[in-house]
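Worksheet: one structure, shown below.
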Amino acid sequence: METLNNGSAGMADIDALKSKPWQSMELPADAAILEPKGMVGPKERACYYWLGRNWLTDRGHIVDAGCFVGASTHCFAAGAADGGRRDLNGERLVHAFDYFKVVDKYVGEAITRDFRPIGEGESYLDVFETQTKPYADMIKTYSGDFLAHRWHGAPIEILFIDIAKTAALNAHACCEFLPHLIPGHSVIIQQDYYHCWHPYIHISMEFLDDELELVDDHVPHQSAVWRLTKPIPQEKIDRLAAYDLTKEERLSLLDRIIAKASPTIKPMIEVVKAWQLCLDGDWEEAEQAHRKLRHARDVEMMQALWAKQALEVAAHIKRQKSRLNDIT
Ligand SMILES: C[S@@+](CC[C@H](N)C(=O)[O-])C[C@H]1O[C@@H](n2cnc3c(N)ncnc32)[C@H](O)[C@@H]1O
């Protein structure tokens, strides 16, 4: 079992990264990275901390796109600080993007539950600042709609994406950040990977399969981690920025992931495909995909997130089909 501060900071090699040390890390119950409230789990926190402490060198920044009240930001910054890095050539090291005001309902509900009553449109930047206070000197915040922000172009070593809640947000993240990753070194964390509602994330990551190496396909709750092995051709970034992949391309990329996925994530990717078919309005195919999943496993009995989401997708298909029947 690893503990938080095993090993030399910033010295991890690729084998150490690929051994996914965060999966076996023992976090003391009073570990500071468990303190901030937020939407990421203990293993994710250990992973983000490990990357900040052991993977970060002095070649680039950390981007936390979708930081909410700062749990992920705190973990990256704590790791970097414990690794002896608080800035990059005098510039702030950690770049945190968020509305920092309540736009999405679940955000308002979480803040009201965990901190204080907050209404639509109200700011929670103060909560973020309180939760990340020990690292205030390291963090630059970017408030407001992410779609309006541009990246200034400095290299990025750690790219964390928890803001790709729409295809447009995913496309913007690809367009702004991917050109600035360091081939052979930078890591990308997609926090919504073990989740079915954002298929464009899976499709985009598989589209970059030639340039990426999968490091960890499931860091509970929902993260996956890749390392960039080669430069990404600009044409590929342009296609992701435009998100103009055809329906056939999208489905074949999802099928490709399913064919090689580990048993841990395979059922979730099958649900992702069923949801993509729903988004495309292919109700018969969606139902078929869902039926196949059901045959292979007892969806009702499974407690896993994929099974819960599979049932939600099935209910959606049923509703849509009955609506269509009423019309015809
Ligand atoms: C799931 S939360 C992030 C959780 C966070 N990483 C943590 O550690 O707890 C996603 C965040 O994305 C933000 N968000 C969603 N769409 C956005 C947009 N268009 N511009 C800026 N922030 C956005 C939400 O306000 C929310 O705080």
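Things to note:
- Averaging Cα coordinates gives a centre for the range 187-234 and one for the range 11-65; these two points are 17 Å apart.
- Straight-line cross-link reach from Lys266 at under 19 Å between alpha-carbon atoms covers these lysines, not counting any fewer than eight positions away in the same chain: Lys292, Lys308.
- Taking a sphere under 9 Å around the Cβ of Leu56 and counting the other residues whose Cβ falls inside, with K and R at +1 and D and E at -1, yields a net charge of +1.
- Comparing Ile257, Ile156, Ile62 in a Gaussian network model of the chain (Cα springs below 10 Å), the most mobile by mean-square fluctuation is Ile257.
- At least 18 Å along the helix axis (C-alpha) and Kyte average at least 0.0, DSSP helices within the chain: 266-279
- For the chain, the solvent-accessible area works out to 44 Å² per residue, with a probe of 1.4 Å and every protein chain left in place.
- Measuring nothing but how far apart in sequence close Cα pairs (under 8 Å, 6+ apart) lie, relative to its length, the chain scores a relative contact order of 13 percent.
- Reduced Cα scattering model of the range 126-182, Debye log10 I(q)/I(0), q = 0.19, 0.31 Å⁻¹: -0.83, -1.26
- For the options Glu157, Glu122, Glu213, a Gaussian network treatment of the chain with springs between C-alpha atoms closer than 10 Å singles out Glu122 as fluctuating the most.
- The orientation-averaged projected area of the convex hull spanned by the Cα atoms of the range 176-328 comes to 9.7 nm².
- Area accessible to solvent at Ser72, 1.4 Å probe radius, in Å²: 10
- Where both bridge residues fall in the chain, DSSP classifies roughly 40% of the beta bridges as antiparallel.
- Residues of type lysines that Lys236 reaches as a straight line, Cα spacing below 19 Å, ignoring anything fewer than 8 places off in the same chain: Lys247
- Sum of -39500 (n - 2.57) over DSSP H runs of 4+, divided by residues of the chain (222 nm, nearest 500): -13000 deg cm²/dmol
- Bridging of Lys101 to lysines at a Cα separation below 28 Å is possible for Lys37, Lys43, Lys133, Lys140, Lys165, once same-chain residues fewer than 8 apart are set aside.
- Choice from Asp30, Asp137, Asp13 showing the highest fluctuation, given a GNM over the chain with Cα pairs closer than 10 Å: Asp30
- Looking at the range 132-284 alone, DSSP beta bridges between its own residues are antiparallel in about 65 percent of cases.
- Estimated Rh, the range 247-327: Kirkwood, alpha-carbon pairs, angstrom: 12.9
- Our Cα-only numbers for the range 14-242 put the radius of gyration and Dmax at 16.4, 47 Å.
- Here the chain exposes an accessible surface that is 51 percent carbon and sulfur, computed with a 1.4 Å probe and the other protein chains kept in place.
- Most simply put, the range 2-137 has about 40% antiparallel DSSP beta bridges, counting only bridges with both residues inside it.
The values are calculated or read from the model by the stated rules, or taken from the named source; none is laboratory data. This structure is a prediction, so every number in the text was calculated from the model and none was measured. Positions of Cβ are backbone-derived with ideal geometry, glycine not excepted, and every protein chain shown enters the neighbour counts. SASA here: full protein model, heavy atoms, side chains in, ligands and nucleic acids out. Shrake-Rupley method; radii C 1.70, N 1.55, O 1.52, S 1.80 Å.
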